Every structure is written in structure tokens, then in C-alpha cells.
Amino acid sequence: MKLSVWAKRQGVCYKTAWRMWKEGRLPVPVEQLPTGNERTDDIVGDLHEVIVSMCARLYGKRSAQDRAEKALKAIHE
């Protein structure tokens, strides 16, 4: 996931996230790609995206978010 996407999901400005990364204060690992883009290893966030997508496809968009949250709770238990 790109750092800008991660920052938006966390509710922080991209510049703030970038500064946190440079200072080593981000709660997730980040690597800089040869293209110059930063990529976070937010596995839980990526898993959440996959679950929401699958639930939306199988059961419709209306309750996909609720099903995804229940699935994540089940994973963490």
C-alpha cells in the first residue's frame, strides 16, 4: 500500500506520515521502491481490503463492510 493511501486511512496528512517515516516513528514497516514511491507493509489493512471486496462480490455492497468486520474479528480471536 502506498504511503499516501495509508496516511489517508489513518487520518493524517501525507507530509506528516512522510516525516514520521523519515524519523522512524511509523507503526508499520515502510520501504522506498526504486521508483521513489514508499510502500507500507500494512498486512491487516490489505487483508481488510480483500475481505471487503470478496464480501461485496458475494453478498452485495450493502452489508459487505459489516461482514468484513466480523471476519476480521474472527481472525483476531
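The values are calculated or read from the model by the stated rules, or taken from the named source; none is laboratory data. Given the structure is predicted, the values throughout are model-derived calculations rather than measurements. Counting neighbours? That spans all protein chains shown, and the Cβs are built from the backbone with ideal geometry, glycine included.
Considering only residues that are among the charged types (D, E, K, R) and either part of a loop (DSSP other than H, G, I, E, B) or touching a helix residue (DSSP H, G or I) at 6+ places or on another chain (Cβ under 8 Å) (or both), which ones fall in region 1-37? Correct list: Lys8, Arg9, Glu23, Arg25. In region 14-28, the residue that is modelled with the lowest pLDDT out of those that are surrounded by 11 or more Cβ atoms within 10 Å (Cβ to Cβ) and within 17 Å of the chain's Cα centre (by Cα) is Val28. Quick check: anything in region 38-61 surrounded by 11 or more Cβ atoms within 10 Å (Cβ to Cβ), of a type outside the set (D, E, K, R), part of a loop (DSSP other than H, G, I, E, B) and modelled with pLDDT under 80? Scanning region 38-61 turns up no residue that is surrounded by 11 or more Cβ atoms within 10 Å (Cβ to Cβ), of a type outside the set (D, E, K, R), part of a loop (DSSP other than H, G, I, E, B) and modelled with pLDDT under 80.
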